[in-house]
Amino acid sequence: MAREPRIVAELGRPETPEETAARKAANSKAYRESQNIRNLVIALVATLAIVLVIVWAVPRGEPAPRPGIDPAPIAEVASETYGTAIVPPVPGEEEGWRVNQAQVEPGAPASWNIVYVPGDESFLRFSQGFDADATWAAQQLGGTAPEGEVVIAGITWQTYDVNPDGNANVSYALGTQAGADHVLLYGSSTPEKTAEVAELIAPQLLELMKEQE
């Protein structure tokens, strides 16, 4: 006995062959789309799991600090070309001070430069201008003129209060003439930190003054 066509409730009559084919096609499409979404969710979960494993596998801790630079060998080379190059000791090494940069900058005049990075977020630059004067110092400080004087370890320094805006965050400086050369200490460190370095280089400054008399 032949099976009678199924009556569809929404139609109130049996489906035509075309309607049956359309219904099956729609059901098949819906199934495929649900499978695609399911596969996408599985892929996202798997990716997230891999990321979490990588994150947890990476060793924790602060990155190792960059090693400090020894300016003495560079200063020896500078001395052969330009004259005695002062090498300030690194102040407060136990407090985290280190030398971040040491180099000669050619020009008229040339200068010997050391950048100190204290244990805080500031910096302090030592600069010795060969055959330079206070005019050179003012140029390094964006045209800032000295505002006063301070005597440190027997040496008179000009003090500069610098506007850090437009001057690479430099806010304070000390400058002094050492024979034919001019020495400048400047940066974002406090006047106390700057004076600490000025005191450390005082013996070398006095020796340089004697050499150039």
Residues whose built amide H sits under 5 Å from the amide H of A110, excluding neighbours closer than 5 in sequence, are F130
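Where does each of 178-190, 198-210 land if you order them by average Cβ count within 10 Å, highest first? Write down the numbers at each step before the final one.
Working: 178-190: 22.3, 198-210: 16.8.
The densest-packed peptide leads the list: 178-190, 198-210.
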Taking a label point 7 Å from the Cα of E80 along Cα-to-Cβ, the residues of segment 96-116 whose backbone nitrogen sits under 15 Å from it are 104
Cα-Cα pairs in segment 83-213 separated by more than 23 Å, as a whole percent of all pairs, come to 25 percent
Karplus ³J(HN,Hα) for segment 178-188 (6.51 cos²θ - 1.76 cosθ + 1.60, θ = phi - 60°; Hz, whole; x = Gly/Pro) runs 10, x, 7, 9, 10, 10, 10, 10, 8, x, 9
Sorted by chain and then number, the residues having a modelled amide H within less than 5 Å of the amide H of R125, at least 5 places away or on another chain, are Y116, Y186, G187
Amide H proximity to Q101 below 5 Å, modelled H, separation 5+ or other chain, gives V115
Applied in sequence order to segment 145-156, the curve 6.51 cos²θ - 1.76 cosθ + 1.60 (Karplus, θ = phi - 60°) yields integer Hz couplings, x standing for Gly and Pro, of 9, x, 10, x, 9, 8, 9, 10, 6, x, 10, 8
HN-Hα couplings for segment 205-210 via Karplus (6.51, -1.76, 1.60; θ = phi - 60°), in whole Hz with x for Gly/Pro, come out as 5, 5, 5, 5, 4, 5
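Each reported figure results from applying straightforward, stated rules to the coordinates on display, with no laboratory input. Keep in mind that this is a model prediction, so the values were computed, not measured. Note: ideal-geometry Cβ built from the backbone for every residue, glycine included; neighbour counts use all protein chains shown.
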